[in-house]
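Please treat every number below as a calculation from the coordinates, not as lab data. Source: prediction; values computed, not measured. Cβ: placed from backbone, ideal geometry, glycine included. Neighbour counts: every protein chain shown.
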Amino acid sequence: MEEVPLEAQRSQVPAAEAGAGSETRITIDSPDAMQELGRRIAALLRPGDLVLLTGELGAGKTTLTRGLGEGLGVRGAVTSPTFVIARVHPSLTGGPALVHVDAYRLGGGLDEMEDLDLDVSLPESVVVVEWGDGKVEELSDDRLHVVIARAVGHEEVLDDVREVAVRGVGARWGAGAGLGALAGALSE
């Protein structure tokens, strides 16, 4: 499996988004830390939020989503929805449901995903789309884009290390959105 540096993965996002909202970068050193990052991000989420996850196979997208589910207090084990395309995890706490989508096997854009009714689910849910780049951005002008890359270096030492860029796009994720506090929260 070829490793793609974080900068190369970030370049996959349209240039028009590059300066929008706010961004923070975090080094994650274990699956547990990735799950904790998901819990921390969940504390910032509210109904109507769209989260796009980008990263190679095995980067930690589902592990991060598992943490999001824990942080949102949803029902059911959060596992990869690769073969079912989407799973809905209702809230156990009265908060938003988590709609977890894996668009890996879907080649087209939003038209191909129309049958999933994500536009209907979005207002009252948090929608997380793995492999959603170029497919679901039209759902919302405001979205959180998380890019996960394996750290490049001595592979035996850095196997679990990931570089994570969390970028807010649109007015919802402006300077006051709290993304800058994510890195500090993980080191506490």
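Sorted by mean Cβ packing within 10 Å, highest first, what order do the peptides 128-135, 160-167 take? Present the calculation step by step, with values, prior to reporting the outcome.
Numbers: 128-135: 22.9, 160-167: 21.4.
Highest-to-lowest ranking by the protection proxy: 128-135, 160-167.
Taking the highest mean first, how do the peptides 25-32, 64-71 order by number of other beta carbon atoms within 10 angstrom per residue? Walk me through the numbers on the way to the answer.
Values: 25-32: 15.6, 64-71: 24.8.
Ranking, from highest mean packing down: 64-71, 25-32.
For Glu23, list long-range residues whose amide hydrogen, built 1.01 Å from N in the peptide plane, is under 5 Å from its own amide hydrogen.
Amide H to amide H, under 5 Å and 5 or more residues apart or across chains, Glu23 pairs with Gly168.
Arranged from highest to lowest average of other beta-carbon atoms within 10 Å per residue, in what order do the peptides 48-61, 89-102 appear? Each step should come with its number before you reach the end.
Working: 48-61: 20.9, 89-102: 19.2.
Those peptides, ordered most packed to least, come out 48-61, 89-102.
In whole Hz and in residue order, list the ³J(HN,Hα) couplings for segment 66-80 that follow from phi through the Karplus curve 6.51 cos²θ - 1.76 cosθ + 1.60, θ = phi - 60°; x for Gly and Pro.
After applying 6.51 cos²θ - 1.76 cosθ + 1.60, I find 4, x, 4, x, 4, x, 7, x, 9, 8, x, 6, 8, 10, 4 Hz.
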